[in-house]
1. Give the cross-link partners of LYS218 among the lysines, using a straight C-alpha distance below 16 Å as the criterion and excluding same-chain residues fewer than 8 apart.
2. Rounded, prolate or oblate: which fits the range 164-238 when a ≥ b ≥ c are the square roots of the eigenvalues of the alpha-carbon gyration tensor, with rounded for a/c under 1.5 and prolate only if a/b beats b/c?
3. Of all DSSP beta bridges located in the chain, what percent are antiparallel, nearest 5?
4. Measure up LYS303/LYS371; LYS150/LYS372; LYS72/LYS303; LYS299/LYS372; LYS91/LYS374; LYS17/LYS72 against 31 Å on the Cα-Cα distance and list the ones that go over.
5. Could you work out the relative contact order of the range 8-136, using alpha carbon pairs under 8 angstrom and six or more residues apart, expressed as a whole percent?
6. Sequence neighbours fewer than 8 away in the same chain don't count; with that in mind, list the aspartates and glutamates whose C-alpha is under 19 Å from LYS154.
7. Over the range 166-231, what relative contact order in percent results from Cα pairs under 8 Å that are six or more residues apart?
8. What number, rounded to the nearest 500 deg cm²/dmol, is the helix-based mean residue ellipticity at 222 nm of the chain, given -39500 (n - 2.57) per DSSP H run of at least four residues and division by all its residues?
Amino acid sequence: MKHWLEPVLEKENLMAKQHVVLLFGGNSSEHDVSKRSCYNYYKALEATGKYDLSVVAIAQNGYFLDADRSMKIMMQEDEQPLVDSYMAELKEKGILSPIKALEDLGQIDIFFPVVHGNLGEDGTLQGLFRLLDKPYVGAALRGHAVSFDKVLTKEILTQNNVRNTKYLVTHAFDEKKLTWAEVEEQLGSVVFVKAANQGSSVGISRAENEAEYEAALKDSFQYDHKVLIEQAVNGPRELEVGVIGNDKILVSEIGAHKVPDQGGDGKGWYDYHSKFVDNSSVAFEIPANLPDAVTEEIKDMSKRAYRALNLQGEARMDFLIDEDNVPYLGEPNTLPGFTNMSLFKRLWDYSDIDNAKLADMLVQYGFDAYKKSKEISYSFESLGEEKVGTFNGKDGNKN
Ligand SMILES: Nc1ncnc2c1ncn2[C@@H]1O[C@H](COP(=O)(O)OP(=O)(O)O)[C@@H](O)[C@H]1O
Ligand SMILES: [Mg+2]
């Protein structure tokens with residue numbers, strides 16, 4: 001068996017099936033969502049008949065599990081006993097123990113991360129793949145990391161004229177935090193307060209008075225030292241668009257969902273509960289009923305955002321659209337959910353790219369991006385003896 005670190009491009013038998021390793025789990029609130037997404041990608045890749053497949057579960061304690069246990073977990077077996085037995089089997093623990101399970105997989109041709117949120121969507125795993133010199137599906141470290149930070153994202157979108165809501169930023173280190181009076185004056189009387197680096201609606205609150213604002217800040221600061229305060233879009237419809245590709249990019253149909261107004265007071269939003277706990281009353285619509293010009297504008301904004309944020313492989317762009325049909329780019333998701341309730345999964349079906357074809361295309365984009373990355377030169381010159389200039393008139397080589 002070849003060692004897993006051997007470069008894929010030197011594979012001897014080019015007719016052999018490529019070995020795709022899907023990763024799921026992680027330590028974000030979307031750990032279980034990721035299991036469902038991974039299962040669907042596994043089935044989609046299996047349907048192509050083109051690949052050898054393995055799955056690796058990343059337990060909540062950060063350990064990568066062996067392929068057999070991982071498969072059981074993906075198939076919804078009780079996770080904790082399997083994690084416990086794996087941990088018990090690991091005899092000596094060293095610095096690389098958390099990722100040791102990768103060594104038993106044989107040659108890995110490409111990684112397919114399906115870890116949402118923390119670790120998967122913030123660039124961490126992509127850094128590991130790069131260190132291992134392996135192709136992988138989806139955006140590179142930088143695209144993920146920048147898109148995961150809601151403040152950096154807004155700065156880049158604004159710089160590139162992609163419409164997004166007005167915002168302010170406050171930091172834990174600010175001696176004087178933004179007061180409600182300042183926020184209200186600059187953004188209006190309804191705002192969303194968000195931890196900069198989170199997802200799944202965690203660390204997010206809607207605020208429309210001083211007490212709510214103060215409580216919201218306190219909550220958000222639990223999740224990050226940087227907090228974004230955003231003007232609320234009035235009675236928004238929420239839209240989602242799939243974007244895939246590297247140099248050439250494809251945009252899916254647009255999907256819409258309307259979150260039920262839980263309180264009956266017009267204040268409902270897509271919070272953690274309506275997203276994950278009970279999605280049953282969210283109404284979806286594909287394609288979204290929009291004037292043609294707005295559809296075109298949204299597709300164009302999606303493409304421009306994808307480019308500006310250095311994305312590749314796949315992303316889902318989320319929009320908020322106000323009562324006058326003005327679209328605002330809400331946020332990019334660089335590792336979109338692929339569960340049965342995920343719009344990303346359904347949008348491509350409506351765009352004539354079925355799940356098997358989509359998964360196959362994503363793998364191919366991963367190989368393409370890897371090949372392209374090899375065109376970049378990292379060569380260096382050996383420096384020899386060090387020669388220093390002068391410091392305040394004195395020869396720097398002397399001390
Ligand atoms: N400016 C806004 N105006 C109206 N609703 C918003 C606004 N920002 C966020 N929301 C609501 O909060 C939800 C979560 O916000 P989002 O920025 O997408 O964070 P997350 O990364 O947690 O998904 C959105 O889907 C929407 O329902
Ligand atoms: Mg969102």
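Please treat every number below as a calculation from the coordinates, not as lab data. Since we're looking at a predicted model, the values are computed, not measured.
1. LYS176, LYS177, LYS194, LYS226
2. Details: a/c = 1.63, a/b = 1.13, b/c = 1.44.
Taking the square roots of the gyration eigenvalues as a ≥ b ≥ c, the range 164-238 is oblate.
3. On the way: 42 of 55 bridges.
Taking every DSSP beta bridge with both residues in the chain, the antiparallel ones total about 75 percent.
4. Details: LYS303/LYS371 23 Å; LYS150/LYS372 28 Å; LYS72/LYS303 38 Å; LYS299/LYS372 26 Å; LYS91/LYS374 38 Å; LYS17/LYS72 23 Å.
LYS72/LYS303; LYS91/LYS374, as the Cα separations exceed 31 Å there.
5. On the way: 188 pairs, mean separation 43.6, N = 129.
Rounded, it is 34 percent for the range 8-136.
6. Straight-line reach from LYS154, under 19 Å: GLU121, ASP122, ASP224, GLU230, GLU238, GLU240, GLU297, ASP300, ASP318, ASP322, GLU331.
7. On the way: 116 pairs, mean separation 29.7, N = 66.
Normalised by residue count, the contact order of the range 166-231 is 45 percent.
8. Values: 11 runs with 127 residues, N = 399.
When only DSSP H runs of four or more count, the value is -10000 deg cm²/dmol.
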